[in-house]
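Novice: One structure, as structure tokens, below. Some questions next.
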Amino acid sequence: MGLHELELRNFRLFKELRFSPDRDAVTVLLSPNGTGKTSVLEAVYALATASSFRSSAASDMIRSGEQIAEVHGVLFQRERRVQVDLTLTRGVRNTTKRMLVNGQRPQSRADVAGVLPLTIFTPEGVDIVRQGPENRRAFLTHLLSDVDLSTGDIIERFARVLSQRNALLRGLHGELPTSSQREELDVWSRDFCHVSEELVAVRRRVLNDLVPLVTRYYQELAHDNLRVGIEYEQSWSGDLFDALQGALDDDRFRGHTTIGPQRDDILLTLDERDARRQASQGEQRSLALALRLGGHELVQHTRGVDPLLLLDDVFSELDPLRSDRLLHLLPAGQTLVTTASPLPSAMSPAAVIDLSRHES
């Protein structure tokens, strides 16, 4: 499995770009800052997820002054050739995204996730440890989809039920629900509880599988024996339906569901210290890398595929010792690395591409 060819049109600063990374080893994008290295990784990420890791606004990916951006990729899943085409069209109010896989529109999250599993680490990747719970939930959602394609259905059903319940809460405008509104709300609440139970179960299962992998990677990266803890934290206690009933006044005033898996968190610890508040910057960065590498290996073992690994300017954030350790821990398979600095001496890439030589 791997990316064979990438073609961009009016994507970020590129009018046109086409290149072919090595399918089985490390390809380095080595050029000065501002030449679009991260944008190339963003385009690859968009092929795999139909979204950006840099911005929540799809319009940001369209070249300034243009209305349409295109990303085309040729992938290989063992011997099977797969063509993925993503078109972004700027509208008056929003930007539409159209993805085709071998000429057909994907029908579900699983159809997209199954095309190109990938792992990405950026300088902001440490936010999974330092910042709020939304960063950890996003990591877990992406990992669930890559580890087991069937979880895509659970994730989509949860999002749909949560959206319906929130729409009903907004319609109350802070008022007490009528008897018919209360009956409808109870229906959505029970559906919400059912799919929440499924979602939390798969989240817990994946985290349990992740702990020993993350521990090993952390200890090798940081060169110490600190114990890594990964604990799932629910946003409610007791029965979820009862908790929803107890939170109804708050929910109707706020116009959205205030408890549930969409508010849950993951507690990360090092020797029982809260890594978010009590770990050093070096410890946090090593833990963030270990989480990505552990998730990458979990996908390898579970699905028998090598996800594409994207490393955006990672070595500039690491000291020489951690850089060397990371190089020795890089998994087998295709890897794309960006850097504006000289490569670590221990790195032997299969190809080096200078984007400053490509017209933008």
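Where a number appears in this text, it was derived from the coordinates with a stated rule and is not lab data. All values derive from a computational prediction rather than experimental measurement. Virtual Cβ from ideal backbone geometry, glycine too; neighbours counted across all protein chains shown.
Novice: Counting pairs of Cα atoms in segment 1-146, how many percent are more than 26 Å apart?
Specialist: The answer is 25 percent, as a whole percent.
Novice: Return the Rg/Rh ratio of segment 241-360 with Cα-based radii and a Kirkwood Rh.
Specialist: 1.14
Novice: Right, next: Note the angle between two axes, namely the Cα long axis of helix 133-147 and the longest principal axis of the Cα atoms of the chain, as a number of degrees from 0 to 90, rounded to the nearest 10.
Specialist: Taking Cα atoms only, the helix is inclined about 70 degrees.
Novice: Oh, and also: How far is helix 151-172 tilted off the main Cα axis of the chain, in degrees rounded to 10, range 0 to 90?
Specialist: That works out to roughly 50 degrees.
Novice: Only loop residues by DSSP count here, and only those with at most 16 other Cβ atoms within 10 Å; note down the GluC sites (Glu not before Pro) in segment 154-248 that meet that.
Specialist: For GluC sites (Glu not before Pro) across segment 154-248 that sit outside H, G, I, E and B with at most 16 neighbouring Cβ atoms in 10 Å, the list reads Glu175.
Novice: Mind checking the dipole of the chain: about its Cα centre, +1 per Lys or Arg Cβ, -1 per Asp or Glu Cβ, Debye to the nearest 20?
Specialist: Roughly 820 debye, rounded to the nearest 20.
Novice: Continuing with the same structure: What are the ³J(HN,Hα) couplings of segment 70-85, residue after residue, when phi is run through the Karplus curve with 6.51, -1.76, 1.60 and θ = phi - 60°? Round to Hz, x for glycine and proline.
Specialist: Rounded to whole hertz, the list is 10, 10, 10, x, 10, 10, 10, 10, 6, 9, 8, 8, 10, 9, 10, 10.
Novice: Sorted from largest down, give the three principal axis spans of the alpha carbons of segment 275-331, whole angstrom values.
Specialist: 35, 24, 17
Novice: Going through segment 271-360, which GluC sites (Glu not before Pro) have at most 16 other Cβ atoms within 10 Å and a DSSP loop state? Each step should come with its number before you reach the end.
Specialist: On the way: sites: Glu272, Glu283, Glu297, Glu317, Glu359; in loops: Glu272, Glu359.
Listed in order of number, the matching sites are Glu272, Glu359.
Novice: Helix-only estimate, please: 222 nm mean residue ellipticity of the chain, summing -39500 (n - 2.57) across DSSP H runs of length 4 or more and dividing by its residues, to the nearest 500.
Specialist: Details: 11 runs with 154 residues, N = 360.
For the chain, the value works out to -14000 deg cm²/dmol.
Novice: List the residues whose amide H sits under 5 Å from the amide H of Leu13, counting only those 5 or more places along or on another chain, with H placed 1.01 Å from N in the peptide plane.
Specialist: none
Novice: Find the all-direction average of the projected area of the Cα convex hull for segment 202-255, expressing the result in square nanometres with one decimal place.
Specialist: Taking the Cα atoms of segment 202-255, their convex hull projects to 5.8 nm² on average.
Novice: Ratio of segment 69-118's C-alpha Rg to 2.2 N^0.38 Å, to two decimals?
Specialist: 1.25
Novice: Then there's this: Return the Cα extents of segment 148-275 along principal axes one, two and three, sorted largest first, each rounded to a whole Å.
Specialist: Between the extreme Cα coordinates on each principal axis of segment 148-275 lie 61, 31, 21 Å.
Novice: Still on this model: Angle, helix 281-303 long axis vs. longest principal axis of the chain, Cα atoms, 0 to 90°, nearest 10?
Specialist: 90
Novice: Please report, to one decimal in angstroms, the Kirkwood hydrodynamic radius of segment 128-188 built from all distinct Cα-Cα pairs.
Specialist: 13.9
Novice: Here is a further query. Taking other Cβ within 10 Å of each residue's Cβ, how do Ser150, Ser286, Ser56 sort, fewest first?
Specialist: With the fewest neighbours first, Ser150, Ser286, Ser56 line up as Ser56, Ser150, Ser286.
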